[in-house]
Amino acid sequence: MSAPANQPAKGHAGLNAAIDYGPLAVFFAVNVLAPGEAAQRTLWATGAFMAASLAAIIVSRVKLGRVAPMLWVSAGLVLVFGGLTLWFNDNTFLKVKPTLVYLGFAAVLGWGLATSRPLLEQLFGTVYPGLEAEGWRKLTRNWAVFFVVMAVANEAAWRWLAPLPQSSLTAWSAYKLWVAIPATLLFAAANVPMLLRYGLVLGDAKTEDEVPPQG
């Protein structure tokens with residue numbers, strides 16, 4: 001996810017996906033494969049998640065020539081909440097991070113709607129070429145609602161799958177990887193028919209960057 005001025009060059013869809021979702025995949029893999037009890041695996045996975053997030057920034061800068069604003073935000077939050085998890089040995093910080101990210105996105109988009117500021121258009125203007133103002137308004141509304149739903153879903157998921165500070169995060173991280181990410185991709189695709197009615201030129205769209213990163 002990036003601003004128009006920072007759009008990636010064509011042909012980097014796979015690299016962008018690795019940058020956006022690779023750190024979460026690393027977290028899942030280490031949490032499953034690392035030796036030791038659940039609490040110890042969480043600490044290893046958290047450290048790996050932080051390192052992978054930093055690596056994603058470096059790879060993006062070297063290979064793509066820029067670091068998207070949302071990557072800075074996502075990696076920064078991983079470092080902050082991951083650091084709190086390691087310091088207090090309490091994985092609750094890591095579990096609530098996506099909720100706060102989703103609610104933050106929803107609040108920013110909602111504020112843009114309320115003040116008639118096309119924030120989403122400023123971020124994704126070249127991703128959805130030709131889209132009319134009404135299309136941007138409806139897309140912004142849809143994503144704001146979606147982020148609220150995802151925040152509620154994340155709260156339900158971690159409270160059900162990993163309710164205690166020392167609970168194993170294997171099931172919750174699997175939810176993030178195999179439910180939250182596909183749900184986001186499907187939601188983005190579901191908006192396309194509506195966008196086409198409001199002028200979207202599908203053949204020119206840079207679809208590799210059309211989905212916001214996971215919280």
_Within the stretch 144-191, considering residues that are of a type in the set (Val, Ile, Thr) and in contact with a helix residue (DSSP H, G or I) (Cβ under 7 Å, 6 or more places away or on another chain), the one nearest to Ala29 (Cα to Cα)_ = Thr170
*Only one of these conditions is not met by Gly199: (1) closer than 18 Å to Leu120 by Cβ; (2) surrounded by 17 or more Cβ atoms within 10 Å (Cβ to Cβ); (3) not aliphatic (A, V, I, L, M). Which number is it?*
(2)
*When residues of the stretch 161-175 are filtered for being surrounded by fewer than 18 Cβ atoms within 10 Å (Cβ to Cβ) and under 18 Å from Leu33 (Cα atoms), how many remain?*
4
*For the stretch 67-91, which residues satisfy the criterion of being crowded, with 16+ Cβ neighbours inside 10 Å and touching a Ser or Thr at 6+ places or on another chain (Cβ under 8 Å)?*
Val67, Ala68, Met70, Leu71, Ser74, Ala75, Val78, Gly82, Thr85, Leu86, Asn91
*Filter result (surrounded by 15 or more Cβ atoms within 10 Å (Cβ to Cβ) and out of contact with any Lys or Arg (no Cβ under 9 Å at 6 or more places or on another chain)) within the stretch 142-154*: Asn142, Trp143, Ala144, Phe146, Phe147, Val148, Met150, Ala151, Ala153
*Any idea how many residues of the stretch 33-58 are of a type in the set (Val, Ile, Thr) and either surrounded by fewer than 15 Cβ atoms within 10 Å (Cβ to Cβ) or farther than 25 Å from Phe105 by Cα (or both)?*
2
*asked:* So Glu134 passes all but one of these: (1) of a type in the set (Asp, Glu); (2) farther than 26 Å from Asp90 by Cβ; (3) at pLDDT 95 or above. Which condition number does it fail?
replied: (3)
*Does Leu100 meet the test of being without any contact (Cβ under 8 Å) to a residue 40 or more places away in the chain, closer than 28 Å to Ala18 by Cβ and hydrophobic (A, V, I, L, M, F, W, C)?*
no
*Report yes if some residue within the stretch 94-107 is in contact with a Gly (Cβ under 8 Å, 6 or more places away or on another chain) and more than 24 Å from Arg141 (Cα to Cα); otherwise report no.*
yes
*Among the candidates Glu121, Glu155, single out the residue that is at pLDDT 90 or above and acidic (Asp, Glu).*
Glu155
*What is the residue count in the stretch 1-40 for residues that are of a type in the set (Lys, Arg) and modelled with pLDDT of 90 or more?*
0
*Residue satisfying all of: in the stretch 103-141; acidic (Asp, Glu) and in a helix (DSSP H, G or I); surrounded by the most Cβ atoms within 10 Å (Cβ to Cβ) among these*: Glu121
*asked:* Against the definition (more than 15 Å from the chain's Cα centre (by Cα), surrounded by 15 or more Cβ atoms within 10 Å (Cβ to Cβ) and outside any loop (DSSP other than H, G, I, E, B)), how does Trp158 come out, yes or no?
replied: yes
_Restricting to the stretch 119-143, count the residues that are touching a residue at least 24 places away in the same chain (Cβ under 8 Å), under 18 Å from Leu185 (Cβ atoms) and touching a Leu at 6+ places or on another chain (Cβ under 9 Å)._
4
*In this structure, does Leu100 turn out to be under 30 Å from Phe88 (Cα atoms) and surrounded by fewer than 21 Cβ atoms within 10 Å (Cβ to Cβ)?*
yes
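The values are calculated or read from the model by the stated rules, or taken from the named source; none is laboratory data. Everything numeric here is computed off the predicted structure, so don't read it as measured data. Heads up, the Cβs are rebuilt from the backbone with ideal geometry, glycines too, and the neighbour counts pull from every protein chain shown.
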